[in-house]
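Okay, so here's the structure we're looking at.
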């Protein structure tokens, strides 16, 4: 075989090898639930959202399980069933927030902010069939403090029956004095007896809430009437019960 023929033959072999190499690269694309950075990292038909390859969708009817959600800048994808549950916003990947039902959801102001077919209720997107009495029912397993809300009527009662009000689109404890609040919370107002204040967290369990060397006893109402005092615990963990 001449040198020229040999070169031509080698060129043909190289050209045939190129598609084969591309085919091998294609097989290395990421599958459903695998971590990704770009849509091109995922297999055809999948979208890279929340750092993981998801199935694309237009509405929740396109999803075998779960609902269709929106990742800003990435598009609509089917939410994984195991990624729904939450108790705090921090347990949901942004831009999702923890809904009052204990599920990670898209936030909304109107139905237009949601995937087609979904409705906006208590500032989160929901499927119509998820509603009860035209609202998203609260989860009995999640502390409702911090639930998204539009009106105070969106807020269920606290775990101890405390009244909750909607403040800055979040459910908060309502109070007139600190004794109206749950443990580790204080009332934002102790002066106006006609307008309720908010119960605000004064620390985290295990951290100091008061200084027994500096904090004077504070007044508190006794169950049978009259006023007494509460003093700071020696470890500074909380104010003790009213000394009636």
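No lab work stands behind these numbers, since they all come straight from the coordinates. Model, not experiment: these values are computed from the prediction. Every residue, glycine as well, gets a Cβ built from its backbone with ideal geometry; the counts of neighbours run over all protein chains shown.
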Taking the highest mean first, how do the peptides 167-175, 118-126 order by number of other beta carbon atoms within 10 angstrom per residue?
118-126, 167-175
Grab the beta carbon distance between residue 34 and residue 112, set R0 = 51 Å, and tell me the FRET efficiency rounded to 0.05.
0.95
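Could you put 97, 69 in order, starting from the residue whose Cβ has the fewest other Cβ atoms within 10 Å?
The fewest-first ordering by Cβ neighbours comes to 97, 69.
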Listing 127, 81, 234 by rising number of other beta-carbon atoms within 10 angstrom, fewest first, gives 234, 81, 127
The extension gain from residue 74 to residue 143, computed as 0.36 nm times the residue separation minus the Cα-Cα distance, is 21.7 nm
Could you give the length gained by full extension between residue 222 and residue 90, i.e. 0.36 nm per residue of separation minus their alpha carbon distance, to one decimal place?
43.6 nm
Among 71, 64, 113, what is the fewest-to-most ranking by other Cβ atoms within 10 Å?
64, 113, 71
How far, in nm, would the chain grow between residue 229 and residue 43 when pulled straight, counting 0.36 nm per residue and subtracting the alpha carbon separation?
60.3 nm
